[in-house]
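What follows is one structure encoded as structure tokens, with my remarks underneath.
The values are calculated or read from the model by the stated rules, or taken from the named source; none is laboratory data. Given the structure is predicted, the values throughout are model-derived calculations rather than measurements. As a convention, Cβ positions derive from the backbone with ideal geometry for all residues, glycine included, and neighbour counts pool all protein chains shown. These accessible areas exclude ligands, DNA and RNA; they are computed on the full protein's heavy atoms, side chains included. Shrake-Rupley method; radii C 1.70, N 1.55, O 1.52, S 1.80 Å.
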Amino acid sequence: MALIRLIYASVASNIFKSNDVVTILNVSRINNAMREVTGLLFFNKHFFLQCLEGEEQQVEETYDHIAKDTRHEKVTILSCKTINSRSFPNWTMGYVPQSQLTNELAQSFCDSGTFDPFAMQGDSAYELLCKLKEQVPNH
Ligand SMILES: Cc1cc2nc3c(=O)[nH]c(=O)nc-3n(C[C@H](O)[C@H](O)[C@H](O)COP(=O)(O)O)c2cc1C
């Protein structure tokens, strides 16, 4: 079975509340552990950027649930590739909240100087997530 890495971007919808992040992470960590999906979620209070890694079928199943979730919208795949090994093996879903450091990092990956994941190439989104990973304990 092929391992894949899927990266998508989305925008928090108007029904999204800030404490939804806790609920999302709790559910994600239970479901992802069952599906052996790992990854990282970055949220800057407007955009989500998430990476999902695992067996193709499990990642696709997870993404299908996520894409239907009305707490976010404009869910757009930036990259989906076969991989040899996981880059985020330690997290059933690592979380990177916004900080001054993540703001600067995210902006540095965007030509306009303003973080906009929809304007990013998949490879660049992946590199940003790898840098953001350094902000999460247990990397
Ligand atoms: C930004 C965002 C990221 C999410 N990430 C995951 C995830 O990694 N794994 C997961 O099982 N659910 C994730 N969810 C929650 C799913 O959308 C969904 O609520 C959950 O999988 C339960 O599925 P169901 O409501 O179709 O039963 C995420 C939701 C949002 C809004």
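Worth a mention:
- Distances between placed amide hydrogens fall under 5 Å for H72 paired with S13, all partners being 5 or more residues away or on another chain.
- Of the GluC sites (Glu not before Pro) found in region 56-139, the ones in coil according to DSSP and having at most 10 other Cβ atoms within 10 Å of their Cβ are E134.
- Amide H partners (placed H, <5 Å) of W91, local residues excluded: G39
- Here the convex hull built on the C-alpha positions of region 3-133 has a volume of 94 cubic angstrom per residue.
- Each residue of region 57-63 was assigned a 3J(HN,Hα) from its phi angle through the Karplus curve 6.51 cos²θ - 1.76 cosθ + 1.60 (θ = phi - 60°); the sequence is 5, 5, 5, 5, 4, 4, 4 Hz, with glycine and proline shown as x.
- Calculated Rg and Dmax of region 7-72 using C-alpha coordinates, Å: 11.4, 32
- Protein accessible area in the chain, 1.4 Å probe - carbon and sulfur %: 49 percent
- In this structure region 3-133 gives 51 Å² per residue of accessible area when probed at 1.4 Å with all protein chains present.
- Taking amide H positions as modeled 1.01 Å from N, with prolines and chain starts lacking one, the residues under 5 Å from S79 and 5 or more places away or on another chain are I7.
- Relative contact order (%) - criterion: Cα under 8 Å, at least six apart; region: the chain: 34 percent
- Whole-Hz ³J(HN,Hα) from phi, Karplus 6.51 cos²θ - 1.76 cosθ + 1.60, for region 80-93, glycine and proline x: 8, 9, 6, 10, 8, 8, 7, 9, 10, x, 8, 10, 5, 5
- Per-residue accessible area (protein heavy atoms, 1.4 Å probe) orders S99, S18 as S18, S99, starting from the largest.
- In Hz, Karplus ³J(HN,Hα) per residue of region 126-133 (6.51, -1.76, 1.60; θ = phi - 60°; x = Gly, Pro): 4, 4, 4, 4, 5, 5, 5, 4
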